[in-house]
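What follows is a short report on a single structure.
The values are calculated or read from the model by the stated rules, or taken from the named source; none is laboratory data. As the structure is a computational prediction, the values presented were derived from the model and not from experiment. Glycine also receives a Cβ, built like all others from the backbone with ideal geometry; neighbour counts cover every protein chain displayed. When the accessible area is computed, the model is the full protein with side chains, heavy atoms only, and any ligands, DNA or RNA have been set aside. Shrake-Rupley method; radii C 1.70, N 1.55, O 1.52, S 1.80 Å.
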Amino acid sequence: MPVYIEDISSGQENIKISFLNEVNSYEPPTTVSYTLNCVLTSESLAENFESISLPCHCKDDCTSDCTCSASQAYNSGKLSETYDHHFGKPIIECSDLCSCNENCRNKVAQFGIKFSLQVFQTHNRGFGVRTMEFIPKSSFVCEYAGEIIDDVEAQYRISKQAADDSNYIYVLKEHSCEDKCAHTIIDPTYVGNVGRYLNHSCSPNLISVPIRSNNMVPRICFFAKSDILPLQELSYNYGGECVSRTDSSTFCKDQQISRARKCLCLSSNCCGFLPFVFDNWLS
C-alpha cells in the first residue's frame, strides 16, 4: 500500500507539502522538526548576524533606484536573467523596516513557497522532491532551512556519521563588500524543511542564491534554472561546480576522511561521484 501524508509541514507552509511513497513503506523521519527558516543554535552565532541592512525610503512598490540590492536582482517577482549567482554576494530584500508597501517588487523569498511540491520515494536515491505544477524559469521554489551551526559542531556531527548516512550539511560561502570570504554552515538533519530532501544532479534544474530578508541571518534560496514541468524532480548541484572524478579515492581534511559516493543522477555530463562538504570547506 502506498504511504501518503497530506502535509509534512503541518500547515506551516503557504501550500501543503505532500509525501508519497509507492516504492516501499518508508515514511519521513519522525526525528526531524519542520521549520520555515534557519534556526541559530547558540547566542555566539547570533553575533555574526546582528547588523541589519539600512532600509530603503521608496514609496509604493519601489523603483530601480531602490537601495536594497534586490532591485537589481529581481524582475517582476523572479530572479533577473542578468543576475550572476556565482559572485557569492547575498540579495538584500526589502524588509518591514523599509517604507515601501507589502506588494513591493523586491520582496520574493520572504513570502515563502508558491508552488505545490511533493516529497517522494525514488527508486535508487532515497527521498526526493518533485513539483506538482509548472514552475516558470527564474521563479523562487523553496529555501534550504536548518540549524546554523559552527565549525566545531559541524566537524563533530560529521565524525559521528556512519559510512552510509546521508550528509545534509550545506556550507554557504559569501564575499563581503571588502571581498572577504565568510561562511555559514546549515544542517537540516534534525531541524529542516522540504529543501533537505532535494537530491543532487550534475545537470540541476535549480540554482541556489544567498538572500537576506527582514534580518541578516542567511537564507539559501532555490530558483528555477529553467522551466520545470509538473512531476519533474527538483535538484541542485551539491558542490556548486562539477569536478570529474575517475574513482572513489579518499578525500581528507582536518583528520576527517570520507570515501566519495557514486553519483546516481544519470545526467549526460555526470561527474561520477558526489561532491563532499570537505572538498570546499574553507578553501
| request: State all residues of region 33-60 that are among the hydroxyl-bearing types (S, T, Y) and assigned to a strand (DSSP E or B); if no residue qualifies, say none. | output: S33, Y34
| message | Please go through region 188-210 and give me each residue that is crowded, with 22+ Cβ neighbours inside 10 Å and part of a strand (DSSP E or B), ordered by number. | response | G192, L206
| field | Contacts under 6 angstrom Cβ, first residue in region 1-21 being touching a residue at least 12 places away in the same chain (Cβ under 8 Å), partner assigned to a strand (DSSP E or B) and open to solvent by 100 Å² or more (accessible area, probe 1.4 Å), 6 or more apart | value | L20/Y4
| Exactly one of (1) modelled with pLDDT of 90 or more; (2) closer than 13 Å to R105 by Cα is unmet by Y34. Its number? | (2)
| Among the candidates I52, I17, which residue alone is modelled with pLDDT of 95 or more and surrounded by 12 or more Cβ atoms within 10 Å (Cβ to Cβ)? | I17
| What are the residues in region 216-229 that are out of contact with any Lys or Arg (no Cβ under 8 Å at 6 or more places or on another chain) and either open to solvent by 70 Å² or more (accessible area, probe 1.4 Å) or small (G, A, S) (or both), if any? | L229
| task | Run down T30, T63, T82 and say which single residue is in a loop (DSSP other than H, G, I, E, B) and over 23 Å from the mean Cα position of the chain (by Cα). | result | T63
| Output for region 84-106, where each listed residue is open to solvent by 20 Å² or more (accessible area, probe 1.4 Å) and closer than 16 Å to R212 by Cα | H85, F87, K89, P90, I92, D96, L97, R105
| query | Quick one: would you say F127 is in contact with a Phe, Trp or Tyr (Cβ under 6 Å, 6 or more places away or on another chain) and open to solvent by 20 Å² or more (accessible area, probe 1.4 Å)? | reply | yes
| message | Could you list, ordered by first residue, the pairs with Cβ atoms under 8 Å in which the first is in region 35-55 and in contact (Cβ under 8 Å) with a residue 24 or more places away in the chain and over 16 Å from I91 (Cα atoms) and the second is open to solvent by less than 70 Å² (accessible area, probe 1.4 Å) and part of a helix (DSSP H, G or I), at least 6 apart or interchain? | response | L40/A46; L40/F49; T41/E153
| task | Quickly run through region 66-79 and pick out the residues that are among the hydrophobic types (A, V, I, L, M, F, W, C) and not in a strand (DSSP E or B). | result | C66, C68, A70, A73
| request: May I ask you to list pairs of residues, at least six apart or on different chains, whose Cβ atoms are under 9 Å apart, with the first in region 154-174 being closer than 28 Å to K89 by Cβ and the second being open to solvent by 70 Å² or more (accessible area, probe 1.4 Å) and among the β-branched types (V, I, T)? | output: none
| remark: Per the list (1) touching a strand residue (DSSP E or B) at 6+ places or on another chain (Cβ under 8 Å); (2) assigned to a loop (DSSP other than H, G, I, E, B); (3) modelled with pLDDT under 90, residue check on T246 breaks on (1)
| Conditions (1) closer than 17 Å to A109 by Cβ; (2) not in a loop (DSSP other than H, G, I, E, B): number failed by F19 | (1)
